[in-house]
Amino acid sequence: MSESLIKRAEELRRQLEHHEYLYYVLDQPEISDAAFDALMRELRELEEAHPELRTPDSPTQRVGGQPREGFLKVPHSSPMLSLDNALNEEELRDFDARVRGLLKSEEYQYIAELKLDGLSMAAYYNAGRLQQALTRGDGRVGEDVTENSRTIRSLPLRLRQSPESGGFEVRGEVVMQRRSFERLNEERANAGLSRFANPRNAAAGALRALDPTITAARQLDYFAYFLLKDGRPLLESHWDSLEALVEAGFKVNPHRRRCANLDELLEFIREWEPKRDDLPYEIDGVVAKIDSIAQQEALGWTAKAPRWAIAFKYPARQATTVLESIEVQVGRTGTLTPVAHLKAVTLSGVTVSRATLHNEDEIARLGVEIGDTVLVERSGDVIPKIVRVVEQGLHRRPFRIPRACPVCGGHIVREEGEAASRCVNTNCPARLRESLLHFASRGVMDIDGMGEALVDQLLNRGLVRNIADLYSLTADHLTALDRMGAKSASKVIHNIDASRAQPLWRVLNGLGIPFVGERTAQLLANHFGELDAIAAASNESLQEVNEVGPKVAQSINQFFAEQRNRELLERLREAGLRFAAPKQKPTRGPLSGLTFVITGTLPRLTREQAKEKIEAAGGKVSGSVSAKTSYLLAGDEAGSKLDKARVLNVPVLNEEGLIAMLGSQDEIGRQRSSS
Ligand code: IVH
């Protein structure tokens, strides 16, 4: 074994760990997925050619284990208790009064953290490496889920910095992010499987799956909140523990606060109640812990829970109301979705009058009929859902999926093994409408102004019959429409125009191929690099792409086999859309490690061109000035960003300065030291 191969393998492991950390822990990736995959591929190939190079904690080994028969039971170092709840302010005041009484007149502080709605897991480390992971189990004895835990990318296999030379334990929460949850449920529905009721159930199922590849596919996340040694806190303050966990490379929830008293704690609680919907994962309350470990020990435990911590639970966002009718909507792939129309009811400040019912099976599972009184719930999702029937209506009547499409009268079919019924008419106006809205939406081609009102008019007047027609629209077409002035018309046309520059994966997502959403589109674009290559790919070669199985591959093949779709693609190509992914940007260059913000009008380059130049040289471009900004590139009429850069002492550069930096490494050195 040559010395250089050993070195290269270690270097790759370090780089991959670093990028996993940036991506999964800090949520601030610095390289593209494709660049990451390339590093991973190189390491994998190296380890395959020389198996002796493989280490158990190599990033290639996250999904290594074989399916098991069951889990080993292992006792915890100290009980994993649960928390007492406070359901309102008064109960929280009672708790605080008890603490004050027990601590006599000592001063104390609370640490407020979000109460993540997941399941707790303990992870043991030794010599800086993950050794074992246990579920909570009954609190005294947990289940050994080490193999599954290794697939959680935010759980480090090797630490950046060990808080302790010997062994130690971390406790925290396993959660599933909403996006992963929604994707999982969508996939399950497509596969004719039942949906998970909430991300926590899905996470629990994933963590206890017998096959680690299932855990890996569910994309779990881990937030650490305790640092223990032999079952006791390692450091003297809880806050310091959280900081030490951050240093070690764990993901620690950033939304935490030291609170000097109950009022500050209440402020934190009030602040997060409305903001909880904006988080990418679900929380069900706030946990408050006494900061000082000496005080925690003085307060002690009951049999069930510590006396030094409390969980404030946000009120459930549920209410009862009447299901008045069920409407059937037709989606862009022709899927019929029953939507419940409810008697309006207020749920934690939001008026709710509609809820999703997903499909016929869901309606049957709930046993719900029109006229029933139902319990509705708003969990993280935008659309509320019906939880169960509370009382059957006196004149209730069952709902049936119509036999003909409610929009075009076309045939409705429900394929064997599928939960959804579909309208088979590919020209169904409802499908076209939804396809256009999807194509123009922010996460896809991002055509601002192309909303429901405009799309409906374009369809009604026959101006648009497919997505390619959007690119033949002119401002004159638009000004002839209702409520469309010359100014808005030219804005929309400009936005359509600008969308031609959207990357390949967005175009691919915009085509509306069944089962090809944002993530699959990105993976496909990265793998093949060109739309033509995807269109020509065989079933087998499509399945070489991560996460693409036989069903998705078949759907892609079917799409490109259809003559009508091929014609559409040719028109999109003529319209100048991107059919190739940009060449991989070098991650190393004269500007590596530097972050730029661009503002104002530059004399020669457009901002887009400046951005491309910076990125091509390995630099990053960000939207806002912070202490981390290396340079502000400012042109004429630079505004608030320039002010902010001055306040933060961020060096300011003009276009000439940038060109000079791009020219030679020396130039950078000089500018940096003179700033
Ligand atoms: S501390 C002694 N902190 O809530 C147990 N728990 O009802 C102390 N949870 O079982 C737990 N977020 O699964 C703690 N920031 C947080 C939490 C948290 C969620 C869960 C955990 C625990 C349950 C307690």
Next item on the list: Please report, in debye to the nearest 20, how large the charge dipole of the chain is about its Cα centre when each Lys and Arg carries +1 at its beta carbon and each Asp and Glu carries -1 there.
Entry: 620 debye
Note to self: Give the aspartates and glutamates reachable from LYS613 as a straight Cα distance under 12 Å; neighbours fewer than 8 places away on the same chain don't count.
What the structure shows: GLU655
Next item on the list: With runs of 4+ DSSP H residues as the only contributors, calculate the mean residue ellipticity of the chain at 222 nm using -39,500 (n - 2.57) per run, divided by the residue total and rounded to the nearest 500.
Entry: -11000 deg cm²/dmol
Next item on the list: Name the shape class, rounded, prolate or oblate, that the alpha-carbon gyration tensor gives for region 65-106, where a ≥ b ≥ c are the square roots of its eigenvalues, rounded holds for a/c under 1.5, and otherwise prolate holds if a/b is larger than b/c and oblate otherwise.
Entry: prolate
Next item on the list: Pull out a ≥ b ≥ c, the square roots of the eigenvalues of the alpha-carbon gyration tensor of region 73-205, then state rounded if a/c is under 1.5, prolate if not and a/b is larger than b/c, and oblate in the remaining case.
Entry: oblate
Item checked: 19 Å cut-off, amide nitrogen to a point 7 angstrom out along ASP482 Cα→Cβ, residues in region 446-462 -> 449-462
Checklist line | Theoretical FRET efficiency, 1/(1+(r/R0)^6), r = Cβ-Cβ of ALA294 and ARG140, R0 25 Å, to 0.05 | finding: 0.45
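Between ASP84 and GLU324, what is 0.36 nm times their sequence separation minus the Cα-Cα distance? Round to one decimal in nm.
Numbers: separation 240, 0.36 × 240 = 86.40 nm, distance 3.95 nm.
Once the chain is fully extended between ASP84 and GLU324, it gains 82.4 nm.
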Check: What is the gain in length, in nm to one decimal, between ARG388 and HIS255 on full extension, counting 0.36 nm per residue of separation less the C-alpha to C-alpha distance?
Finding: 44.5 nm
Next item on the list: Pop the C-beta distance of ARG588 and ARG100 into the FRET formula with R0 = 41 Å and round what comes out to the nearest 0.05.
Entry: 0.10
Check: Taking the Cα centre of each part, how many Å lie between region 452-520 and region 41-69?
Finding: 46 Å
Next item on the list: Any chance you could run the full-extension gain for ALA616 through ASN649? It's 0.36 nm times the residue separation minus the Cα-Cα distance, nm to one decimal.
Entry: 9.3 nm
Item checked: Prolate/oblate/rounded call for region 490-535, Cα gyration tensor, a/c under 1.5 rounded -> prolate
Checklist line | the chain - Cys residues lacking any other Cys C-beta under 4.7 Å | finding: CYS259
Check: Using the alpha-carbon centroid of each, what span in Å lies between region 109-174 and region 295-331?
Finding: 24 Å
Next item on the list: Would you please report the Å³ per residue occupied by the convex hull of the alpha carbon atoms in the chain?
Entry: 214 Å³
Notebook entry, point to check: Are any of the pairs LYS251/LYS275; LYS275/LYS644; LYS491/LYS611; LYS115/LYS313; LYS115/LYS289; LYS73/LYS304 more than 18 Å apart by Cα-Cα distance, and if so, which?
Noted result: LYS251/LYS275; LYS275/LYS644; LYS491/LYS611; LYS73/LYS304
Item checked: Efficiency of FRET between ARG44 and ASP532 - r from beta-carbon atoms, R0 41 angstrom, step 0.05 -> 0.90
Margin query: Quick check for you: which residues of region 501-525 have the amide N under 20 Å from the point 7 Å beyond the Cα of ASP469 toward its beta carbon?
Written below: 510-513
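Read-outs: derived from the displayed coordinates by stated rules, not from any lab. Bear in mind that the values here come from a model prediction, so they are computed numbers and not experimental data. Positions of Cβ are generated from backbone atoms using ideal geometry, with glycine treated the same way; all protein chains shown enter the neighbour counts.
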